[in-house]
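Shown next, in structure tokens, is the structure this report addresses.
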Amino acid sequence: MVSLSVNLNKVALLRNARALDIPSPLQAACWALEAGADGITIHPRPDERHIRPSDVSELAAYLKSSWPAAELNIEGNPLHQLMDHLNAVRPRQCTFVPDEVGASTSDHGWDLEHDGARLRPLIARAQQWGCRVSLFVDADESKMALARALGADRVELYTEPYARAFSDGRRDAVLPRYRAAAEAALRAGLGVNAGHDLNLHNLAPFLTAVPGVLEVSIGHALIADALQYGIGYSVGLYLAQIRGAQSMSRERV
């Protein structure tokens, strides 16, 4: 079963629009996990425009006490403030993302040749704290062996280019690149995650075409769907897409 990790950044962004405590990321996490989500993803940024340090500690404590089987995945740039969060709460997984400080969202993967020397000791340090380390990467099969050589446990394939191509009717032109990248990651001994702009329309075709995906992290689209359906029902819709894709993959075999 591909794991579904629900990203709560947009819940926190809405809360921060007013000097109130609603909507609550903690309550949203509860609803998502009760509906069957496998984990929670948060991406705290230095400007605290959505997830705050207090959210990190509260969510980590909540999952540890009430949902010990669920995974907390903390994303961010380890060259900024991410390592402080990891050291404080020791999540089961962290995802290193090459965000600039003012970036509105993640928009590219790591340049591993350029940044590898800086990433290697940070990967090792996070692993010493008990974190599985995933590197946010573009769908480039030539980079997977290097990601493993740096010590990463997994890669997260950056899927916005796929999502754009899907919307434009060009998915068949880009899916082979993602399939090749996933296959190269598996050969290198890496686990494969995926995320960014996956939604109810493009998720199943992606999972059907790309082998070995262990986890998808979905936030913006799922929270948007929750405005219509509610968080719990929306989580169920995404889980149904995952199950359908896996059923189709098994039938192919």
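Any idea which residue in the stretch 1-42 is farthest from residue 92 (Cα to Cα), counting only those that are of a type in the set (Val, Ile, Thr) and without any contact (Cβ under 8 Å) to a residue 60 or more places away in the chain?
Among those that are of a type in the set (Val, Ile, Thr) and without any contact (Cβ under 8 Å) to a residue 60 or more places away in the chain, it is 22.
I want to confirm something. Restricting to the stretch 211-242 and keeping residues that are crowded, with 22+ Cβ neighbours inside 10 Å and polar (S, T, N, Q), which single residue is nearest to the chain's Cα centre (by Cα)?
If we take residues in the stretch 211-242 being crowded, with 22+ Cβ neighbours inside 10 Å and polar (S, T, N, Q), then 217 is nearest to the chain's Cα centre (by Cα).
Just wondering, is there one or more residues in the stretch 89-107 that are among the small types (Gly, Ala, Ser) and in contact with a Ser or Thr (Cβ under 8 Å, 6 or more places away or on another chain)?
No: zero hits.
Of all residues in the stretch 152-178, which are of a type outside the set (Phe, Trp, Tyr), over 15 Å from residue 211 (Cα atoms) and buried (at least 17 other Cβ atoms within 10 Å of the Cβ)?
Answer for the stretch 152-178, where residues must be of a type outside the set (Phe, Trp, Tyr), over 15 Å from residue 211 (Cα atoms) and buried (at least 17 other Cβ atoms within 10 Å of the Cβ): 152, 153, 161, 163, 165, 171.
Output yes when any residue across the stretch 23-46 is under 19 Å from residue 193 (Cβ atoms), of a type in the set (Ser, Thr, Tyr) and in a loop (DSSP other than H, G, I, E, B), and no when none is.
Looking through the stretch 23-46, none of the residues is under 19 Å from residue 193 (Cβ atoms), of a type in the set (Ser, Thr, Tyr) and in a loop (DSSP other than H, G, I, E, B).
Just wondering, is there one or more residues in the stretch 75-89 that are buried (at least 21 other Cβ atoms within 10 Å of the Cβ) and touching a Cys at 6+ places or on another chain (Cβ under 6 Å)?
Yes, the stretch 75-89 contains at least one residue that is buried (at least 21 other Cβ atoms within 10 Å of the Cβ) and touching a Cys at 6+ places or on another chain (Cβ under 6 Å).
Output the residues belonging to the stretch 179-204 that are buried (at least 17 other Cβ atoms within 10 Å of the Cβ), in contact with an Asp or Glu (Cβ under 7 Å, 6 or more places away or on another chain) and among the small types (Gly, Ala, Ser).
181, 184, 191, 194, 195
Just so you know, all these numbers are worked out from the coordinates, no wet-lab data involved. Being a predicted model, the structure only gives us computed values, none of them experimental. For neighbour counting, all protein chains shown are included, and Cβ atoms are generated from backbone atoms with ideal geometry for every residue, glycine included.
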